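These notes concern the structure reproduced below.
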Amino acid sequence: MSPRKKRPAAASAPRARSARGLQRQRLIDACISALHIHGPSHTTVEKVVAIARMSPGIVRFYFDSKAAMLVASLQFLATEFEEQVLVPVSKLKSNPVAALELLVALYLDPEIASPRKVSVWYAFWGEASSRQEYYDICGQKDESFAALVRELIGRLIEQSAQPQLDPDGIALGLIGALEMLWQDFAFRSERDIDRAAARRRSMAYLRSVFPGCFSASGDEREGRSGDTPAAAGRLGGWAYGDARAFSLEREALFGRCWQIIAHESQLPRAGDFLTAEMGAERVLVVRDACGALHALRNSCPEAPHELTTDRRGHAEGILRCRVHALEFDLSGRRIGASGTADLTALALQSAGGLIMAAPRGAPPPPERFAGWLEAGASGPSARTSRAGLRALADVREIAVAANWKLLVEQWLEWAVLDAVPGAASELIVWTSRPLAGAGCSARRYRTLAPSAQEEPWLQAFAAPNQLLQLRPDGLSILQAIPTAPDACRLRLLDLTSGEQAGGEAMSGEAIMPARAGAVRYLAGRLTPWARRSTLAVAQSAQRGVGNFGYPPGSHAARAAIAWFRAHIASRAPALALARPPTASRSD
């Protein structure tokens, strides 16, 4: 629809309540029927009162002229459309999937889209070029509807993490599909209209643009597997092992999130590099001759193999692909012959000495997450920040035969939240006091770190997959990195504070003092995150979901787990379906 200049519409026509109002409404209903039969030019007062079974003189009591009666009838249709379509759909803006489903249902509902009313809309549009009142009312209705559709499509594009989509074009396509269906209704009788098929066609368009976002209603699933929502508080069991879920998560979650890759102390010299997998990218972080850090895609531009398979190393000013004999400088620029692309640069930021990377085009890291890393919080984080952090040892990685979400849910079983944030939140924080126990590990930890006895330990989970534990002796970072639909890798980075390490400096590849390693070992004994038993439970749950079809978890799960699942579903709505979304059948 082409944009039209907005003008003040005629006064709203509220629904009739009094006896006088009922008579006026009776005339308007009769006028709409006469317009459906005869069109605006050939509708007369006599024809209207004949349909209404009222005397001709009564029309003058309610309307100054035939023209005023026609305008009132059109205004009634516009007000009805606003009250019964625009208003209820607008109330669901925060949930664009539900809003669009309701919009299609209401737009094609017989109360709004009866052959009688649809034909009147088009009849008035046919006369709009010569009547400004018709133009204003019809134009305002179309503009309001188009603006609402455009807003909902824009919100869904943002929530489904598909910035490549054009909201204006998609909205125009949906409006066009609905308009074509209305035109078909105008030339049929009600008994000849298949409204279920009309809804299926409209929803098929939306599913083709947003695969996995829209479930099918009962009349759309005839003979097909049901795309019904999973039980409250759960994700669909298929989301823990299906290749489609793996692909959806890669785009909607890991294609937009920031992952902690290393600590700056791990790259002290020019040419030092680290590599890691981030779920949606393979990253190579390197320090150049000027001391600047670069995050590059660890992939040869000639073929998508790893440029280097080493997890840590040193390059003397040049990064090489030995397979294709290519060379790049430490910023990723191609050296030598032209014709080969530079290495792809990824997004990189540093906070509190921690190096974070993200795929290209990712939004900035959440302010609360970056602020937590930069400034810490009260208690142990303040001391740790003042003492300064540095890597205790190289990153450790453990293969886990379980979907990454099952591992995260094992972590969050231990989280006790003071308040549950909304699904839009990217970070939850809670405290624990494992040193309050009387076990051997707690006693030994208090002996090695006597100043830490009264300090709480601070945990933060940054969605979708990073757990951080800040203690008086340092910081541990755990990441559940998906590697396959039913497998992941647990990645651990341990940092220690100079204070707890006795203030000794680290030289090159020298190992941190034994005392710091012992304290960290005891901290691991006191917390469950990387215990073998925790990994075993996640792997056993994976077999239960995959081999036996058991539900992945109770709807009465801990608040932190419920928040995690809601967060996942808000960004990849299809994962909340009981079964994988099926392709829409053509009509």
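Evaluate the charge dipole of the range 259-364 about its Cα centre and quote only its size in Debye, nearest 20, assuming +1 on the Cβ of each Lys and Arg and -1 on the Cβ of each Asp and Glu.
The dipole of the range 259-364 has a size of about 40 debye.
On a full-extension model of 0.36 nm per residue, what is the gain between R334 and L92, subtracting their alpha-carbon distance, rounded to one decimal in nm?
Extending this stretch completely gives an extra 82.1 nm.
For each of D342, D473, count neighbouring Cβ atoms within 10 Å of the residue's Cβ, then give the residues from fewest to most.
D342, D473
Within 10 Å, count the other beta carbons around each residue, average over each peptide in 347-360, 475-488, and list them highest first.
With the highest mean Cβ count within 10 Å placed first, the list reads 475-488, 347-360.
Scan the range 43-143 for GluC sites (Glu not before Pro) in coil per DSSP, keeping those whose Cβ has at most 13 other Cβ atoms within 10 Å, and list them by number.
Within the range 43-143, the qualifying GluC sites (Glu not before Pro) (loop, at most 13 other Cβ atoms within 10 Å) are E111.
With a ≥ b ≥ c the root eigenvalues of the C-alpha gyration tensor of the range 19-214, is it rounded (a/c under 1.5), prolate (a/b larger than b/c) or oblate?
prolate
Strictly over 32 Å apart at the Cα level, which of K66/K93; K47/K93; K66/K141 would you flag in this model?
Exceeds cut-off: K66/K93; K47/K93.
In nm, to one decimal, how far is the E143 label point from the A243 one, both placed 7 Å along Cα→Cβ?
5.0 nm
If I take R0 = 51 Å and measure r between the Cβ atoms of L22 and A424 in this structure, what FRET efficiency does the formula 1/(1 + (r/R0)^6) give, to the nearest 0.05?
0.60
Counting Lys and Arg as +1 and Asp and Glu as -1, each charge on the Cβ, what is the dipole of the range 19-214 about the Cα centre in debye, to the nearest 20?
580 debye
Tally Lys/Arg at +1 and Asp/Glu at -1 over every other residue whose Cβ is under 12 Å from the Cβ of A345; what's the total?
Summing Lys and Arg as +1 and Asp and Glu as -1 gives +1.
Rule-based calculations on the coordinates, nothing more; no lab input. Bear in mind the structure is a predicted one, so any value in this text is a computation, not a measurement. Every residue, glycine among them, receives a Cβ derived from its backbone with ideal geometry; neighbour counts consider all protein chains shown.
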